[in-house]
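What follows is a set of notes on a single structure, which appears directly below.
The values are calculated or read from the model by the stated rules, or taken from the named source; none is laboratory data. Source: prediction; values computed, not measured. Here the Cβ is made from the backbone with ideal geometry for all residues, glycine too, and neighbour counts use every protein chain on show. All accessible areas refer to the heavy atoms of the entire protein, side chains included, with ligands and DNA or RNA removed. Shrake-Rupley method; radii C 1.70, N 1.55, O 1.52, S 1.80 Å.
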Amino acid sequence: MNVKLVWNFSGEGSLKTAEHHLIHLKEYCEKEEVEVIKFGTELVNKFSAISYIIVTQSLVTELREKLKPNQGFLLN
């Protein structure tokens with residue numbers, strides 16, 4: 001089972017903020033050798049965006065404690 005961990009950003013520059021946050025997520029995952037299935041950002045609406053990573057469920061507890069995502073979703 002895979003999990004999508006999500007960080008929410010709001011405001012006019014939310015997509016740029018999410019994209020910048022994604023750079024730091026990638027750096028952390030590379031440094032800590034975290035196996036990520038997918039990295040990404042999404043524009044939710046004009047004033048809201050997210051950055052996210054998709055990982056296996058076995059990594060969720062550790063990443064929740066260290067990276068403090070706002071949400072997590074189980075994926076099939």
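Quick look at the numbers
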read-out	value
Anisotropy class of region 19-60 from Cα gyration tensor, a/c 1.5 cut	oblate
Residue-averaged [θ]222 nm for the chain, counting only DSSP H segments that reach four residues, each worth -39500 (n - 2.57)	-11000 deg cm²/dmol
Residues in region 59-76 reached by a label modelled at His20 [backbone nitrogen below 17 Å; 7 Å Cα→Cβ]	none
Candidates Glu65, Glu42, Glu27: whichever shows maximal mean-square fluctuation once the chain is modelled as a Gaussian network with Cα springs under 10 Å	Glu65
Per residue value of the accessible surface for region 17-70 (all protein chains in place, 1.4 Å probe), Å²	68
Full-stretch length increase - Phe73, Glu32 - with 0.36 nm per residue and alpha-carbon distance subtracted	12.5 nm
Of all accessible heavy-atom area on the chain, the percent that carbon and sulfur account for (1.4 Å)	49
Intensity falloff of the chain expressed as log10 I(q)/I(0), Debye formula with alpha-carbon point scatterers, at q = 0.15, 0.19, 0.22 Å⁻¹	-0.47, -0.73, -0.95
